[in-house]
There are 2 protein chains.
Amino acid sequence: MRKPAVILLSGGLDSATVLAAARDAGFECHALSVSYGQRHLAEIEAAARVAAALGAVQHRVMDVNLAGIGGSSLTDLSQVVPEAPSTGIPSTYVPARNTLFLSLALGWAEVLEAHDIFVGVNAVDYSGYPDCRPEFIDAFERLATVATKAGVEGQGMRVHAPLIDLGKDEIIKLGTQLGLDYAMTVSCYQADGSGAACGRCDSCRLRREGFEAAGIADPTRYVARA
Amino acid sequence: MRKPAVILLSGGLDSATVLAAARDAGFECHALSVSYGQRHLAEIEAAARVAAALGAVQHRVMDVNLAGIGGSSLTDLSQVVPEAPSTGIPSTYVPARNTLFLSLALGWAEVLEAHDIFVGVNAVDYSGYPDCRPEFIDAFERLATVATKAGVEGQGMRVHAPLIDLGKDEIIKLGTQLGLDYAMTVSCYQADGSGAACGRCDSCRLRREGFEAAGIADPTRYVARA
């Protein structure tokens, strides 16, 4: 019998690769997407496609309205999404996003009696987000162990971040080896309603450079330019 | 100038006391309630009354739909709320609730550039909830420090749980000293639309015994019985 695991699935390149890796490791995959007041739902639709294509046993979407607390150009329409590489922590940083997402995954893991959570953070391309670092994952794993029935009852809770040391090119090579079709995924911070990417934001730039460095053809569909 | 702090405010007895304590300690109080698919909104209304009465500079309500992942009689209407004292972890346990609530508070704290979060958990009356123990608070504080800009930039994030070692009677004495009117608060797991308490659930029982032990008249409004 396969062990259940909760996979945080955004619909982007990284988390789709993580789902492919969790399936490859033999887990029964329960995919969780979080709708947090972001600009578009193209990535949630991408997540549903990826979950179905990779044989997740179920895919849930949880709604959290982060726009209420503001603080990011991804949830605050009055801010402009940056198109140039930024230094330091970029304005696309969503406050405590990975802490929140992992908390939701942890709650669902408890309900499912799962002891494994997968998340697609990676340190190399972390763009200055504090909650994409290995020490963050370690701290959350410790928290998860004391926060839950599993912890009280002496069982552990494991947070897997299989991409944590990989560059975008290595992630793309891994997913390609696992048979993942990246055309299904959406990484762009401001994709249009059909999921077509802007080609200019930080996320598009990192993705395009990753395909180039991996020597793999980029299947991303970009918005047509005038 | 007062330092800003985020106070998790449920509308119950404990968190109202925490707000009174944070105000007394000189913080500029930003109150945060979470609406998580619970049975009634009486406690959110109570939170709004308490925030206004205690001079919080603002009160936000964030929506999270925990019902989607099930697992608690507080969010799953197909389960029955227990009326007898339970042993072990009760069915009213909401998976990862305090982890989630603190994550939301952490996100707002980042936006406000606050370094202090207050939460009303207490270990003595924790009813078997794993995420009401001191080791949980400590683990979250460590997580908060590595998860955030404040952590990256070398500043700390403090999670205050001033009730952690207090019994319900001591909490009630503290709030009463601080001038808090507990008639504004709602603790009942199944309060009616007007905020009247059932008088029979675990939460009602702990509250009633607290007033008795404190030797303070119980101002709670109970549902009339046939």
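Residue count for segment A:19-61, restricted to those that are under 22 Å from A:S103 (Cα atoms), at pLDDT below 85 and either hydrophobic (A, V, I, L, M, F, W, C) or part of a helix (DSSP H, G or I) (or both): 2.
Listed here are the helices (runs of 4 or more DSSP H) enclosed by segment A:121-226 that have at least 2 residues being touching a helix residue (DSSP H, G or I) at 6+ places or on another chain (Cβ under 9 Å) and within 30 Å of B:P130 (Cα to Cα): A:134-147, A:149-152.
For segment A:173-213, filtering for residues that are polar (S, T, N, Q) and farther than 18 Å from A:N122 by Cα leaves 3. On the given criteria, is A:Q177 over 21 Å from B:L143 (Cβ atoms), surrounded by fewer than 19 Cβ atoms within 10 Å (Cβ to Cβ) and of a type in the set (S, T, N, Q)? In short, yes.
Each row is one residue, and each column tells you yes or no for (1) at pLDDT below 90; (2) under 23 Å from A:A47 (Cα atoms).
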{"position": "A:L100", "(1), (2)": "no, yes"}
{"position": "A:N122", "(1), (2)": "yes, yes"}
{"position": "A:C132", "(1), (2)": "yes, yes"}
{"position": "A:M157", "(1), (2)": "no, no"}
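Selection over segment B:198-226 of residues that are in contact with a Pro (Cβ under 9 Å, 6 or more places away or on another chain) and surrounded by fewer than 18 Cβ atoms within 10 Å (Cβ to Cβ) gives a count of 1.
Being of a type outside the set (K, R), under 15 Å from B:G120 (Cα atoms) and in a loop (DSSP other than H, G, I, E, B), is that true of even one residue in segment B:3-10? The answer is yes; a qualifying residue exists.
The values are calculated or read from the model by the stated rules, or taken from the named source; none is laboratory data. Keep in mind that what you see is a predicted model, and the values were worked out from it rather than measured. Cβ: placed from backbone, ideal geometry, glycine included. Neighbour counts: every protein chain shown.
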